[in-house]
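As structure tokens, the structure follows; a few thoughts come after it.
The values are calculated or read from the model by the stated rules, or taken from the named source; none is laboratory data. As the structure is a prediction and not an experimental result, all values here were calculated from the model. Cβ: placed from backbone, ideal geometry, glycine included. Neighbour counts: every protein chain shown. When the accessible area is computed, the model is the full protein with side chains, heavy atoms only, and any ligands, DNA or RNA have been set aside. Shrake-Rupley method; radii C 1.70, N 1.55, O 1.52, S 1.80 Å.
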Amino acid sequence: MSSLLKSREAILALAILILLALIASRFPGFVSPLNLANVFTDTSPLIILALGQMVVIVTKCIDLSVAANLALTGMIAAMMNGAGVPLPLILLTVIALGATLGAVNGLLVWKLDIPSIVVTLGTMTIYRGIIFLLTDGKWINAHEMTEGFKALPRLIFLGLPIMAWMAVAVIVLTVVLVRRTALGRAFFAVGGNAHAAVYTGISVGRTQMAAFVISGALAGFTGYLWVARYAVAYVDIAGGFELDVVAACVIGGIAIAGGAGTVAGCVMGALFLGIIKNALPVVGISPFWQMAISGAAILIAIAFNSRNQGPKGRIILKKAEHRA
Amino acid sequence: MQAQPASGTTPPVLSLRGISKSFPGVRALNGVQLDLFPGQVTALIGENGAGKSTIVKILTGIYQPDEGSIAIDGRPVQFPTAQAAGDAGVTAIHQETVLFDELTVAENIFIGHAPRTRLGLIDWAAMEAEARRLLTSIGANLDPKVRLRDLGIASKHLVAIARALSIDARVVIMDEPTAALSHKEIHELYELVETLKAQGKAILFISHKFDEIFRIADRWTVFRDGQFIAEGHITDVTEGQLVQMMVGRSVDQIYPKRPARIGNPVLTVSGYCHPTEFEDIGFTLHEGEILGFYGLVGAGRSEVMQALFGITKPSKGACRIGNDIRVIRSTAQAVEAGIVYVPEDRGKQGAVKGLPIFQNVTLPSLSRTSKGGFLRLSEEFRLARDYTQRLDLRAASLDQDVGLLSGGNQQKVVIAKWLATRPRVIILDEPTKGIDIGSKAAVHDFMSELAAQGLAVIMVSSEIPEVLGMSDRVIVMREGRIAAEFAGDAMTPENLVRAAVGIEEGEAA
Amino acid sequence: MTTAPQATGRQIPDRLMSPTRRALKSWEMLLFVVAVGIFVANSLASPYFLDPWNLSDASFNFTEKALIAFAMAMLIIAGEIDLSVASIIALASTAMGAAMIAGAPVPVLVAVGLGTGVLCGAFNGLLVARFGLPSIVVTIGTMSLFRGLSYIALGDGAYTGYPAGFGWFGQGYVWWVFSFELVLFALFAVVFYVLLHRTNFGRAVYVIGNNATAARFSGIRVDRIRFMLFVLTGLMSGIAAVCLTSRLGSTRPSIAMGWELEAVTMVVLGGVSILGGSGSIPGVVIAALVMGLVTFGLGLLNVPGIVMSIIIGALLIGVIALPRLWRMLRK
Amino acid sequence: EPKRIALVVKALGIGFFEAAAKGAEEAAKELGDVEIIYTGPTDTTAEGQIEVINSLIAQKVDAIAVSANDTDALVPTLKKAMDRGITVISWDSGVAPEGRMMHLNPSSNPLIGNMIIKLAADNLPEGGEVAVLSATTTSTNQNTWIEEMNKVMGNYPGVTVVGTVYGDDLADKSYREAQGLMQTYPNLKAIIAPTSVGIVAAAQAVTDAGKIGQINVTGLGLPSEMAGHVKSGASKSFAIWNPIDLGYSATMIAYNLANGTAKAEAGAEIPMGRMGSVKLDDKLEGAMADPFVYDASNIDAFSSIF
Ligand SMILES: Nc1ncnc2c1ncn2[C@@H]1O[C@H](COP(=O)(O)OP(=O)(O)OP(=O)(O)O)[C@@H](O)[C@H]1O
Ligand SMILES: Nc1ncnc2c1ncn2[C@@H]1O[C@H](COP(=O)(O)OP(=O)(O)OP(=O)(O)O)[C@@H](O)[C@H]1O
Ligand SMILES: [Mg+2]
Ligand SMILES: [Mg+2]
């Protein structure tokens, strides 16, 4: 029980509950199940991208190109829709395209050994630039999209829109991936101690590449969801969203130095940001406060995470071993 | 002695021929050979840096040999990755415990080959049960669910042993497996070796301890300076002969200890404590004295020295330097007070790879070589040249990157760096670890010279001959505490080992 | 029998490599060639390029970012990063605006801008150096916090009506075509060159970036130097804030949005290793010129900004990848 | 030697400005000796616009007609342009008077302010709560229109503006802000979005919330983008001036000023080709035309044009 209370995830969950209670005290309607479902739906893209980012960060890399990837694949999805391509084919294409864009990052990191932050800083502008080259900067608007294309994320299934179910599905898949597959565990091994990973026969570069591919595929998928949901595609959609995604991971306790982090933490980090974004306008706090509040939340979260890490130093004295 | 053909009738399971491996600046292995036989323990013997661990890494797919061939059951094989070696039935307990601090004990044992459910997913329950069984079989009472970070070095080493055993192998390699273990655990390990032998596995056993070599080995192989020297049956050889082959000359020449005049106390430490690392450390060091610190790997000697040097802060205790009582809070303060530390981990803590040699040497002396905070390269160069020449450094030029030097030469740069600050107390942590015989002699020579000039020296070493040959007095540490202190005639190998492993006087060794 | 090698081995040469030889083999040289190439291409592509006044105007595209990039380069060489620089500009500019409304004279405005920068830098430095938090996440947090504070203060408003004398910092000319900003750029290029390459402090920065543990084991006050680097970066952001505010003549919370990544790009393009430990100020100076020349040259051809950023992005990856590819192919 | 006139917009790719560029080309064709440089930054920042304007100054264009991202920040640069002999006017979204010779409002601000609230009130005979979804907090013209709207609120008794939120001209943020409005004000009857991005996002949000018929979305939008929402009933009517005409008029004015055929001074009448002429007030501003209302009856005719 005490160890449960100490865990990062439990504290984050508590923080979310307190946040909700505070909001509810000023605006009870916010915590109605219907509205909470709305908040979750709204946060779905952030959750999906944050899970992809988590996998990358766990391997000690970072992917700053996710938002650009999303924008590019989203635009392609809208253009394919305009050309009359059926929806299932569009979905397959965006996922494959997203994965390919991720693979480009991964290959540069793996084969040329360029630090991931440099690679993705570069590809971030390149991917966005490609949208401009494809479209001349033109928007694709709601009336240029078919109803079926726009409807999928909105369809209600068991009380929740498909968009939200997609996030749930990605959460479940990621849990299985990181907890129950060899590749998932390899992410942690590579990020935790690359040197030791070699001793256990895990290829560091290949594993990092796999992480980028996953992150890219999820970004591609989110690209469709985003464009269909907001019914618009243009160069700048989701501009700057990569930093929200990284922030969600940081709040969720994913160690930026690699090797540690949980799906639950990551999802709650995303929810925490999502609730703040949705609640501020509702509670009547000026929207101008939003940025400062999320900044403060990030700082508090990392200060907290580092405090939780326990004493440094080797354990030599017998009595110091195994303390809970 | 000649390389004899394999023992009797059984052919070797694994045999190496003509293996060479070079690193920048070092030829670690030069055309060596090695044979391992089923149901037999082969001891690989050689000085530090002879290339023993390098051969282990080649056998486990971590390094690729530059030349030579590996054969299993007479068929040539290649190990491009650690996975490939495991699949071919070779498993190893490595000298350094390379494991994952953030993962649990069970995962550390099974990462890469975890039990799966029918769906192909990792079966955590089976993994933990299996881990518990393996740990129990080697007498380790560890919870498989505990994170590795929360364990001490000995327990981590047990996990590494369990990991090696979790692979169903025909060849088991143990690189100094007992170095980090306590008395009881060592005995369990010996029993384990017997069991493995009985199962017909071929075992390669690397150790510097002759008592255990004679106790468990069936065969021996000696390497020296990366070369194969000889091999044979353990029954046909004596300890003296092995040492002779290992070192290539008689042993007592190596330690040129000059008698020094022991003067006033310069450093008195009392009651130093740390929450996890050490407890109740106290001793006095005098001018001109060389004080040896002996102990098993992980006994906490380095940690104590680092506390003296201001890297970590003791939770209790104080020290007196000359006549001032003070607590050292940072390395900068230690350097000001005249205490300097040549660290054990040269790569991480000593040399700044990526920077040229002269910049490494002048690093702590910049206040002397610079003027008003501005660098003066000519002064730096002069200082660096003075001290590197005195230590007989070999390098192409002083603005060569330190990372390109051989280990021994790197060590010389680090020692030069500290001597250039003209300290009162120099702490040398494993000063000759991994450096060649020639450099070793140079370092020992220099140490004696320094002591003769009145410098107080603390030498941490795990090599008994070195400790006995160089020290005026020896302190032995065990599990973070001072276990004993010896001087004069009490400084015998037996006493040191007893105190280090914790055997009471009279108990059979 | 093995014997100890004799002391009469190879002799170590009695002097260091000459600076010119070192320079000729360097990254800066490669970048310099690229810069000259772009310059020539631009002169051929547009008749308007080779005009002193135009080139002077073009310098505004990079001077302020370069001021930050100099400090950022030192920070990155020391193995840290500061993503909050653009937000520091916003907050410093907001503070200056508030001071201006309160009737402060020009020198006080400048002091407020620089002071805010220093305080923000000290806050980052405290979190990183004192509490040991990773700088990338700390500054992602303060990036939102600082700009967020500026939004809280200004909301949808703007501070306008800076005193006439204030405009000089961003719009004034020291002599002929040499604007105050351009002179400041040159001045700080020299100051940072000396600081990084000619002082004990600069040496310590390299040591920390190459091996912070060994630095601590060598008696270097690692945390203090890290702290000072963050303060320095804050100060340079404050200076950039003064210039930019003066140039725009107004303050809004969205000022300098996205500049942090441009500054990092400039630093990395300048040959500074993002992993720390290597890089030089001349490299960053040339990278600033390259970025300025590319954007200005393409601007003269009315190429849209986003195409320029593709080119910069490709340049970033390309310049780093090419030497590695070359090495791989030679093997 | 043709006159080179630069049409600088808030950001490339926005439908409204693409239409204005069409108008500018039309004017160029009509005038014959005019070359149009259609340009702008990639995102709606003042810094980006300054870089673009700097390179236009370097090219020594004859005139710059700019729709500004920031009233004040462009002033120093535009002043420099005027010092170098370049004709500078602003259109659509204005620059402070020191930074331009004149400003062309698409329509008169009081008219627009009145129009947006009138469109909402016409569908609310009983009165009720309405909310505003604007562009960025710094958008000059939206702020002016909202100000003008507040001045005439007295003429619409029973209609109350309960809140103003900002969608930053980003589709997703506008969408979320619209959702927030619906949750905060359960009795909301109308959302007024005086921006073409915001109005589409708000209509989409209302549709998704299933509140068509309950909440009316109105404001300023483009017929091509709003056609679907007018048909679905999410928006009963909205207004806009013709952006093609706006680009055309700005070009005509810039040409006439650069040529010296007209002078930008208070009271002057500057010819704008087929759009007649614009009369400048003492702030040197003029209005092009009245906004035009689109609803189910005429939307199809216009949705294919812009
Ligand atoms: N990765 C490496 N890079 C450079 N040199 C290396 C590397 N690994 C080993 N060496 C060098 O190769 C030589 C042989 O090292 P090795 O670790 O095999 O010695 P060892 O016989 O295991 O010594 P010990 O008894 O100290 O463990 C040493 O000189 C060492 O410094
Ligand atoms: N708690 C630990 N966890 C992981 N590795 C450890 C731990 N303690 C020691 N090691 C590793 O074991 C090797 C030797 O450790 P250490 O420095 O503690 O031994 P030592 O120097 O021989 O002993 P002493 O502590 O007495 O100086 C090093 O490679 C070190 O990284
Ligand atoms: Mg070894
Ligand atoms: Mg040690």
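Quick notes
- Put a plus charge on the Cβ of each Lys and Arg, a minus charge on the Cβ of each Asp and Glu, and nothing anywhere else: the dipole of the range B:351-421 about its Cα centre is then about 140 debye.
- Between C:THR94, D:GLY198, D:THR160, the Cα set farthest toward the positive side of the dipole of the protein assembly as shown (charges on each charged residue's Cβ, about the Cα centre) is that of C:THR94.
- Rounded to 5, the percent of DSSP beta bridges in the protein assembly as shown classed as antiparallel: 45 percent
- Between the range C:115-153 and the range B:386-427, the Cα center-to-center distance that results, in Å: 40 Å
- Working from Cα pairs under 8 Å separated by at least six residues, relative contact order for the range B:351-421 is 50 percent.
- The angle between the Cα long axis of helix D:15-31 and the main principal axis of chain D comes to about 30°, on a 0 to 90 degree scale.
- If both residues of a DSSP beta bridge must be in chain D, then about 15% of such bridges are antiparallel.
- Paired Rg and Dmax values of the range A:79-155, which use every Cα atom, in angstrom: 15.7, 45
- As a length-normalised measure over Cα pairs under 8 Å and 6 or more apart, the relative contact order of the range C:51-330 settles at 35 percent.
- Take C:147-159, A:176-188, A:56-68, B:488-500 and order them by the average number of nearby Cβ atoms within 10 Å per residue, most first; the result is A:56-68, C:147-159, A:176-188, B:488-500.
- Solution diffusion estimate, µm²/s, Stokes-Einstein, the protein assembly as shown, Kirkwood Rh from C-alpha pairs, 20 °C, viscosity 1.002 mPa s: 60 µm²/s
- Rounded to two decimals, the Cα-based Rg/Rh of the range B:351-421, with Kirkwood Rh, is 0.94.
- For the protein assembly as shown, the solvent-accessible area with a 1.4 angstrom probe is 37 square angstrom per residue.
- Between the beta carbons of D:LYS263 and A:ARG154, assuming R0 = 60 Å, the FRET efficiency works out to 0.60 to the nearest 0.05.
- Between C and A, accessible area buried - total, square angstrom, nearest 100, 1.4 angstrom probe: 3200 Å²
- When only the Cβ of Lys, Arg, Asp and Glu is charged (+1, +1, -1, -1), the dipole of chain A relative to its Cα centre reaches about 1240 debye.
- Working from Cα pairs under 8 Å separated by at least six residues, relative contact order for chain D is 19 percent.
- Using the Cβ-Cβ distance between D:ASN298 and A:LEU36 with R0 set to 30 Å, the FRET efficiency from 1/(1 + (r/R0)^6) comes to roughly 0.10.
- Shown here: the range A:1-103, whose C-alpha atoms stretch 52, 37, 21 Å along the first, second and third principal axes, sorted largest to smallest.
- Distance between the range C:264-279 and the range D:255-279 - C-alpha centres, whole angstrom: 53 Å
- Cβ-Cβ FRET estimate between B:VAL77 and B:GLN199, R0 fixed at 25 Å, reported to 0.05: 0.70
- Under 5 Å, built H, 5+ apart or other chain: amide partners of C:SER179: C:VAL174
- Placing unit charges on each Cβ (+1 for Lys and Arg, -1 for Asp and Glu) gives the protein assembly as shown a dipole about its Cα centre, and among C:TYR173, A:GLY205, C:GLY292 the Cα reaching farthest toward its positive end belongs to A:GLY205.
- Prolate/oblate/rounded label for chain C (Cα gyration tensor, a/c 1.5): oblate
- Given charges at beta-carbon only (K, R positive; D, E negative), |dipole| of chain C in Debye: 1320 debye
- Helix runs (DSSP H) in chain A reaching 18 Å along axis by Cα, Kyte-Doolittle at least -1.0: A:8-26, A:33-58, A:66-82, A:87-111, A:116-135, A:162-180, A:204-230, A:263-283, A:290-307
- Folded to 0 to 90 degrees: helix B:377-390 orientation relative to chain B principal axis, Cα: 60 degrees
- GNM result for chain D, Cα springs below 10 Å: residue of D:ASN187, D:ASN105, D:ASN69 fluctuating most strongly: D:ASN187
- Summary of the geometry: the range D:1-74 and the range B:75-97, compared by the centres of their Cα atoms, lie 67 Å apart.
- Folded to 0 to 90 degrees: helix C:27-45 orientation relative to chain C principal axis, Cα: 50 degrees
- Ellipticity estimate at 222 nm from DSSP helix runs (n ≥ 4, -39,500 (n - 2.57)) divided over chain D, nearest 500: -12500 deg cm²/dmol
- With both residues required to sit in the range B:14-247, DSSP beta bridges show an antiparallel share near 60%.
- Amide proton proximity set for B:ASP66, modelled H, under 5 Å, gap of 5+: B:SER20, B:LYS21, B:SER22
- For B:GLU176, residues with placed amide H under 5 Å, excluding near neighbours: B:ILE206, B:SER207
- Options D:PRO97, D:ILE305, D:SER232, ranked by Cα towards positive dipole end of chain D, top entry (Cβ charges): D:SER232
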